[in-house]
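Computed from the coordinates by the stated procedures, all read-outs in this text should not be read as laboratory data. Keep in mind it's a predicted model, so treat the numbers as computed, not measured. Please note: Cβ atoms are built from the backbone with ideal geometry, for glycine as well, and neighbour counts cover all protein chains shown.
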Ligand SMILES: [Zn+2]
């Protein structure tokens, strides 16, 4: 069974795709299409899932680059899969190599996919609350600009993530987040302090001059078709992929 994929592409040859949790071989609590290699799942199952997901998107599994995400703001430029035995700890990837897919893993955090089809540059970033505050989004755009991208040409897509109505935090944390990014100030549907990381990411992109922006309507915590760390704690990871023809 192949799960639903939210994939879009345009005439410029930019592709953006986000997985849901279905169509893989992992067992509960990682069922089915867990793509994260550091969550306790069987590595063979994760490898099979990565192949299945890539093939369903028309990608060569060997031409997908993954990150060791640490909630920081470092971005690595890549021109192919890692050749080091250990995947470097970064939360953003950028490439000017067409056909090379960049992947970001999430289960509530915001997967940010960026493409400037004219410059031939794409980036993927992992923006959870700490990363958004640390500036991973501006860092990714900056890395794209260093390869010739222009923010006014960048197409930005954010995938399924926990929404501001579900992401409860202590009052002081909301204040700290809002001091850095006012757009992230939120309240839960039950009336307690919250943060809206998606709103924060889009506010940052807007200030950077990125006009072509769309967000997934899916809240991972509310969707049974998506992994959610805040809902389930031990769970799988979704992936977002970006690449250019
Ligand atoms: Zn929600």
Checklist entry - Given N residues in the chain, what is Rg(Cα) / (2.2 N^0.38 Å)? => result 0.94
Checklist outcome for this item: Rounded to the nearest 5, the percent of DSSP beta bridges in region 115-241 running antiparallel is 60 percent
Item to check | Relative contact order of the chain, pairs being alpha-carbon contacts under 8 Å that are 6 or more residues apart, as % | outcome: 24 percent
Checklist outcome for this item: Least to most buried among 241, 167, by other C-beta atoms within 10 Å and fewest first, runs 167, 241
Checklist entry - Between residue 212 and residue 233, what FRET efficiency follows from the Cβ-Cβ distance if R0 is 25 Å, with the result rounded to 0.05? => result 0.10
Checklist entry - Hey, with R₀ at 25 Å, roughly what FRET efficiency would residue 222 and residue 48 work out to, going by the Cβ-Cβ distance, to 0.05? => result 0.30
Next on the checklist: I'd like the FRET efficiency for residue 165 and residue 38, computed as 1/(1 + (r/R0)^6) with the beta carbon distance as r and R0 of 30 Å, rounded to 0.05.
Outcome noted: 0.55
Item to check | region 4-67, relative contact order [Cα under 8 Å, separation at least 6], % | outcome: 20 percent
Item to check | Near-label residues of region 195-238 by backbone N, under 18 Å of a point 7 Å along Cα→Cβ of residue 179 | outcome: 195-196
Checklist outcome for this item: Among beta bridges assigned by DSSP with both residues in the chain, the antiparallel ones amount in percent, to the nearest 5, to 75 percent
Checklist entry - Hey, what number do you get for the chain at 222 nm if only DSSP H runs of n ≥ 4 count, each worth -39500 (n - 2.57), divided across all residues, to the nearest 500? => result -6500 deg cm²/dmol
